[in-house]
Structures are given as C-alpha cells and as structure tokens.
1. Among the residues of the range 42-58, write down those that are under 14 Å from M1 (Cα atoms), more than 27 Å from the chain's Cα centre (by Cα) and free of Cβ contacts under 8 Å to residues at least 40 places away in the same chain.
2. Quick one: which of I88, I160, I156 is of a type in the set (A, V, I, L, M, F, W, C), at pLDDT below 90 and surrounded by 11 or more Cβ atoms within 10 Å (Cβ to Cβ)?
3. Look at the range 54-85 and say how many of its residues are surrounded by 11 or more Cβ atoms within 10 Å (Cβ to Cβ) and either under 30 Å from L178 (Cβ atoms) or acidic (D, E) (or both).
4. Pick from V188, V146, V159: which is closer than 21 Å to G114 by Cα and of a type in the set (A, V, I, L, M)?
5. In this structure, is P170 over 23 Å from V91 (Cα atoms), in a helix (DSSP H, G or I) and of a type outside the set (G, A, S)?
6. Name, by its number, the condition in (1) open to solvent by 70 Å² or more (accessible area, probe 1.4 Å); (2) part of a helix (DSSP H, G or I) that does not hold for A50.
7. Mind checking which residues of the range 128-161 are among the small types (G, A, S) and either touching a Leu at 6+ places or on another chain (Cβ under 8 Å) or touching a residue at least 24 places away in the same chain (Cβ under 8 Å) (or both)?
8. I'd like the full set of residues that are outside any helix (DSSP H, G or I), in contact with a helix residue (DSSP H, G or I) (Cβ under 7 Å, 6 or more places away or on another chain), open to solvent by 30 Å² or more (accessible area, probe 1.4 Å) and not charged (D, E, K, R), limited to the range 113-140.
Amino acid sequence: MLPRFALKHGIRVTVVDTDAEVVIEVGEMPVFAREDVGYGVRSTADSPHAETFVVWLSSEIGLRTVLSYKVDGVTVFAEPAAPEEEAIAVVLTGDALKGQDASLRACGRCHVVGEINRMAGIGSTPSFAVLRTMADWQERFEIFYVLNPHPAFTIIPEVIEEFDETRPSPIAPVTVTLEEIEDIVAYVAAMDPADLGAPIAHQ
C-alpha cells in the first residue's frame, strides 16, 4: 500500500511503531473491512503529508489498492459495509378532517380531491389519489404553491402577498394558510394511493 501511495504522490513514507501521524483503527466511517470489521483512517498530526495519505486511502484508488492485497492468492480485505440508514419517523401535525375541507375549498376546482368531488376537477389535472402514488407526494403538497402553475394564483398569508392590482392573477386567486397546508398533508397521508395497475412492460 505504502509504495503505491509514495509513487502516486512522490512522498517518502517511513513506518514507525510509536507516535504515528496516521492511525488505522476500527472506526465509524470505515474505508475497508476484514472479517466484518470496518477500519477507518484518521490523521493525528497537523501534517499535510499525513492528511494526503488519509485522503488517498479514503479514495476509490486507495480502496482498490487495499483490495488487491492477497495472501497465498486469497484476498484479505473487503469493501466496507454500507452504513445503515436510520429511518426518521415523520410526525404529521395537521388535522385530516380539516384538511378535507381545505382541500375541497382550495384545490377542488382543479383536482379530484376524493369521493366528495369525484365528478369535478379538470381532466388533465391529476387527482389527489394519483398524486399520492408518487414517492415525493408529501413534498409536493407541502410546497405546492411554488410548483407551476400554482404561483400564478396562490396566496399564502405571511408568505406570498396578494397580487398587485396592475398584475392580477389570471384566475380567481386561492388563499390558503400554512396551517391549512399541514391539514391537507395529513388528509392526503390517510388516503389510499390510486391503483394504477401493473407497470407497462416494454417488448
């Protein structure tokens, strides 16, 4: 490992037993592994050369160098296990019942909100149930007022001011509060996503 690093960066490396400037140890962010144990690398000194080695060993090239090391033809080290992503529980604070009323008032003229207006809405506008199938549905509802075409006619008190009289909204403006948006998100969260059938199979 050290000869390849020295050749790459032109830095002479001397291995010492004590007062090492670079320490390889079991760490939280391993750069390689052996027998299910991950090893990380860190610099213990204010040394640009030591830091260069840390960066190199943490890179893809450094990893390939470590993985290429074998004993009797057997690879000794392996790639580090990917860190497990901690699931973050999202707590919705809105009132779903109020959200239904707010949805119908603010969104019902364009979207099919649910059974309460299933024969209304605009044909080219997705229903709430269809929007609910999208992986980012919550973000879409939380910031809908900045997604086209909503900015042209949406007013959010204390966030988006009323339209200038000289530049009015092309349609009757919709006014909705941030609290009502939280209610709408809670309402949609309790909704069953639309059944869009099996994905299209391309021949």
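1. V54
2. Values: I88 fails: surrounded by 11 or more Cβ atoms within 10 Å (Cβ to Cβ); I156 fails: at pLDDT below 90.
Just a single option satisfies the conditions, and that option is I160.
3. 1
4. Values: V146 fails: closer than 21 Å to G114 by Cα; V159 fails: closer than 21 Å to G114 by Cα.
Result of the check over V188, V146, V159: V188.
5. Details: over 23 Å from V91 (Cα atoms): yes; in a helix (DSSP H, G or I): no; of a type outside the set (G, A, S): yes.
Against the criterion (over 23 Å from V91 (Cα atoms), in a helix (DSSP H, G or I) and of a type outside the set (G, A, S)), P170 does not qualify.
6. Result: A50 fails condition (1) only.
7. The initial filter retains those residues of the range 128-161 that are among the small types (G, A, S), namely 129, 135, 152.
A129 - this is the single residue of the range 128-161 that is among the small types (G, A, S) and either touching a Leu at 6+ places or on another chain (Cβ under 8 Å) or touching a residue at least 24 places away in the same chain (Cβ under 8 Å) (or both).
8. Scanning the range 113-140 gives a single hit, M134.
The values are calculated or read from the model by the stated rules, or taken from the named source; none is laboratory data. The model shown is predicted, which means the values in this text are computed figures rather than measured ones. Neighbour counts are summed over all protein chains in view; Cβ atoms, including those assigned to glycine, are modelled from backbone coordinates with ideal geometry. With ligands, DNA and RNA removed, areas are computed over all heavy atoms of the protein, side chains included. Shrake-Rupley method; radii C 1.70, N 1.55, O 1.52, S 1.80 Å.
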